[in-house]
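Notes for the one structure printed next.
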Amino acid sequence: MAYPLPEGVGFATRAVHAGERAPYPRARPVASPITPSVSYLYEEMADLDGVLAGERPGPVYARYGTPTVNALETAIASLEGASAALATSSGMASIHLALLNTGVRSNTTVVAAQDCYGHTYTLLSSVLADHGARVCFVDMNDLDALEQTLAHERPVAVILETISNPLLKVADLPAVVELAHAAGAEVIVDATFTTPWLCRPLEHGADYVVHSATKYLGGHGDVMGGVIATNRPRRQALYELLKLVGSVLGPHEAWLILRGLKTLPLRVQRQCENALAIAQWLETHPAVARVNYPGLPSHPHHELATRLFAGRGYGGVVSFELAGGGAQAVFRFLESLRVVLPATSLGDIYSLALYPAMSSHRSIPAQERARLGISDNLVRLSLGIEDLADIQADLDQALRATQR
Ligand SMILES: Cc1ncc(COP(=O)(O)O)c(C=O)c1O
């Protein structure tokens, strides 16, 4: 079928078709190929009909999935201990789809962690609220207040992060899930900061795990994507939604994330080691007033984090407050860095520094930021895999610059 080409076809026909659609070689490639084709050929139309009817799997059209994206989804499901996974074009697309899939509509309520990622906060408080959904932001570490809110609001969904951003609080996941389920809500856990190497929320009863795959899963700062791990019925419903809203992942991006996954445990282990060492060192630094890192015994959720993350580590992100100086001092710190990059992201092999008040949490009103404890002196570090001594020396010279 359309291969090989009929004898005698002209130059333009050969330019279009020659070499395409060859049967796969008998030996399979070891690494997954990138399959950019938008559409797919079936020898028999009855076969295609069966695929379109959902009776059997198979690629048809790239918005419905591609072999490369499917390979990534299989890998994510395996790492999360999920029966199924779905990939999307960004972490925000995954969060949006998961929320829609729980049944968030006008006159329904979502209970969300008050210190969730800035754009999750804004998606809830602006976009979904504009569509008539109610949103209640709560402190996920105050289980009594959470229980009261759940009983009063009867939400369709509860959404929280394994480690919150940028204050690095750790929620008691099993306890939150139990309370949410008792109130009839589904639970979405954004596990971007922990990755399945440290924490698999489905094992704690969560209904959806979402990741910004842009971060640790891709890991190299060169790809955007999102993933959702869940059970098969929810995956099917999410898939039907994804086909309609169209926020699909491209095959090139899927391939990069799939490749990133291969070194995930090695990278995250090293990032955790670097983060712990830097957090301990920052605690002793004269230019630093306070350090947030769940690996420090001084952190209020240290023991909970040790239990939840099975002692494997506490993540690669550390935040700290400069001893004073506000935005000007933070700017001086960021501009003085030479190894650590003052760039917006986290989870990369590169060490990155970010000013939450200016970037990740800019969309949250200043008063609300202050109420949440996100001060104008707060800096967030995402530790990479460089040599610890080089990261520390760079941070030291930049911190000293804030005191001049
Ligand atoms: C915890 C968390 N969740 C979700 C997102 C959104 O991911 P993306 O930028 O891939 O849409 C981010 C982005 O920084 C994040 O930090």
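Here the Gaussian network model covers the chain, with springs between Cα atoms less than 10 Å apart; of Gly50, Gly19, Gly58, Gly19 fluctuates the most.
How many percent of the accessible area of the chain is carbon or sulfur, using a 1.4 Å probe? The C+S portion of the solvent-accessible surface of the chain is 54 percent. Solvent exposure of the chain, expressed per residue, is 45 Å² of accessible area, with all protein chains present and a 1.4 angstrom probe. Only Lys, Arg, Asp and Glu carry charge here, each on its Cβ (+1 for the first two, -1 for the last two); on that basis the chain has a dipole of about 540 debye about its Cα centre. Shape class for segment 264-311: oblate, because the ratio a/c of the largest to smallest gyration tensor axis (alpha-carbon atoms, square roots of eigenvalues) is 1.5 or more and b/c is at least a/b. Charge tally around Ala357: other residues with Cβ under 9 Å, Lys/Arg +1 each, Asp/Glu -1 each, net +1. Taking Cβ atoms as reference points and 12 Å as the exclusive limit, the residues near Val60 contribute a net charge of +1, counting Lys and Arg as +1 and Asp and Glu as -1.
For His152 and Leu244, the difference between the fully extended length at 0.36 nm per residue and the C-alpha to C-alpha distance is 29.8 nm. Taking packing as the residue-averaged number of other Cβ atoms within 10 angstrom, the listed peptides 101-108, 193-200 run from highest to lowest as 193-200, 101-108. Distance from the C-alpha centroid of segment 261-299 to that of segment 1-61: 49 Å, rounded to the whole angstrom. In a fully extended conformation the segment linking Thr13 and His252 would gain 83.3 nm over its present Cα-Cα distance, using 0.36 nm per residue. One Cα centroid belongs to segment 355-394, the other to segment 180-220; the line between them spans 22 Å. Counting Lys and Arg as +1 and Asp and Glu as -1 over every other residue whose Cβ lies under 12 Å from the Cβ of Ala175, the net charge comes to -4. For segment 210-272, rounded, prolate or oblate, judged on the Cα gyration tensor with a ≥ b ≥ c (square roots of eigenvalues), a/c < 1.5 rounded, else prolate if a/b > b/c? Judged from the Cα gyration tensor, segment 210-272 comes out prolate (a/c at least 1.5, a/b above b/c). Here r is the Cβ-Cβ distance between Glu386 and Leu167 and R0 is 30 Å; the resulting FRET efficiency, rounded to 0.05, is 0.75. Determine the shape class of segment 299-404: with a ≥ b ≥ c the square roots of the Cα gyration tensor eigenvalues, call it rounded for a/c under 1.5, and otherwise prolate if a/b is greater than b/c, oblate otherwise. Note, shape of segment 299-404 comes out oblate. Structure remark: mean-square fluctuation, Gaussian network model of the chain, C-alpha springs under 10 Å; the largest value among Val158, Val268, Val51 belongs to Val51.
The values are calculated or read from the model by the stated rules, or taken from the named source; none is laboratory data. The structure displayed is predicted, hence computed values, not measured ones. Positions of Cβ are generated from backbone atoms using ideal geometry, with glycine treated the same way; all protein chains shown enter the neighbour counts. Note: accessible area is taken over every heavy atom of the protein model, side chains too, but ligands, DNA and RNA are not part of it. Shrake-Rupley method; radii C 1.70, N 1.55, O 1.52, S 1.80 Å.
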